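The values are calculated or read from the model by the stated rules, or taken from the named source; none is laboratory data. This structure is a prediction, so every number in the text was calculated from the model and none was measured. Cβ: placed from backbone, ideal geometry, glycine included. Neighbour counts: every protein chain shown.
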Ligand code: SF4
């Protein structure tokens with residue numbers, strides 16, 4: 001069974017002049033222990049997807065329709081208190097800035113022990129031992145001493161290690177990590193990603209890794225979901241998506257990153273910018289920028305269609321009668 005299922009998720013932001021649809025009919029799932037990358041440009045809906053799953057959508061944003069299921073149970077309609085419990089126990093969260101997850105007034109040991117004891121039936125002493133062990137797992141040197149230090153006594157990279165330890169404290173099944181290395185020094189970003197991957201595997205947690213960085217996705221993830229203008233453009237095994245992108249937008253994204261594999265065809269980068277939420281074109285949202293657009297693409301929105309080993313929301317993968325239509 002899937003650990004997480006996101007079904008036809010629609011997130012809207014009511015607005016003075018109407019309603020902005022930030023996520024539009026997005027569906028995917030995550031298997032136990034799997035690392036799913038979610039990639040796309042700024043504004044594509046990556047962080048909103050993560051926020052909807054962990055119950056932290058910024059008001060007035062709201063789930064307008066669709067479902068989110070964790071281990072088969074719906075969690076999209078739970079109240080704030082129930083979601084707070086799920087966030088601590090069953091879903092861990094890691095954000096871009098470690099300081100948003102840490103309280104500057106308490107030692108990291110106090111914060112770890114509090115999280116552990118809120119969610120696991122452990123004594124104070126057992127929780128302290130677990131806190132030290134988590135810090136050791138996340139590569140904090142001298143964890144027995146560091147556990148009594150305050151967040152400001154750690155460097156940015158070390159703080160993010162502490163946040164990873166905190167996210168894993170209650171043995172969650174899923175970690176949602178939203179741009180976990182973007183605020184860190186470039187020289188330590190790779191270390192943190194390697195650590196995140198290793199330690200989640202060790203603790204049996206699946207990861208939804210939200211990033212704009214295809215290089216990180218390539219090195220870390222099992223599968224990748226590509227978002228464009230709040231819609232799922234393509235989803236599939238990471239090496240398939242990278243080496244044989246089925247959606248022209250994915251192909252454009254691949255062309256924008258340094259060559260990370262030998263056999264990938266070089267493709268031209270795509271001109272133009274992603275539309276704003278109040279100006280999403282009809283049909284395929286990508287059609288104004290798509291070098292392969294068909295007449296149909298201007299009026300009809302493609303569903304996710306099987307495209308070799310991946311699935312892509314693109315008419316090029318519909319039956320031959322559609323793909324043989326005249327280019328626009
Ligand atoms: Fe391009 Fe049409 Fe495919 Fe959209 S549906 S990506 S416009 S070919």
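A few notes on this one:
- Considering 108, 53, the condition of being at pLDDT 95 or above, under 23 Å from the mean Cα position of the chain (by Cα) and crowded, with 17+ Cβ neighbours inside 10 Å is satisfied by 53 alone.
- Annotation note: of 185, 148, the sole residue that is in contact (Cβ under 8 Å) with a residue 40 or more places away in the chain and surrounded by fewer than 20 Cβ atoms within 10 Å (Cβ to Cβ) is 148.
- The range 103-129, residues that are in a loop (DSSP other than H, G, I, E, B) and closer than 19 Å to residue 93 by Cβ: 103, 104, 106, 120
- The listed residues are 191, 126, and the only one of them that is free of Cβ contacts under 8 Å to residues at least 24 places away in the same chain and surrounded by 14 or more Cβ atoms within 10 Å (Cβ to Cβ) turns out to be 126.
- In the range 284-293, residue farthest from residue 22 (Cα to Cα) [restricted to those that are more than 7 Å from the ligand (Cβ to nearest atom) and in a loop (DSSP other than H, G, I, E, B)]: 291
- Some residue of the range 160-174 being over 27 Å from residue 216 (Cβ atoms) and surrounded by fewer than 20 Cβ atoms within 10 Å (Cβ to Cβ): no
- Residues that are in a strand (DSSP E or B) and either at pLDDT 95 or above or more than 10 Å from the ligand (Cβ to nearest atom) (or both) within the range 308-328 comprise 310, 311, 312, listed in sequence order.
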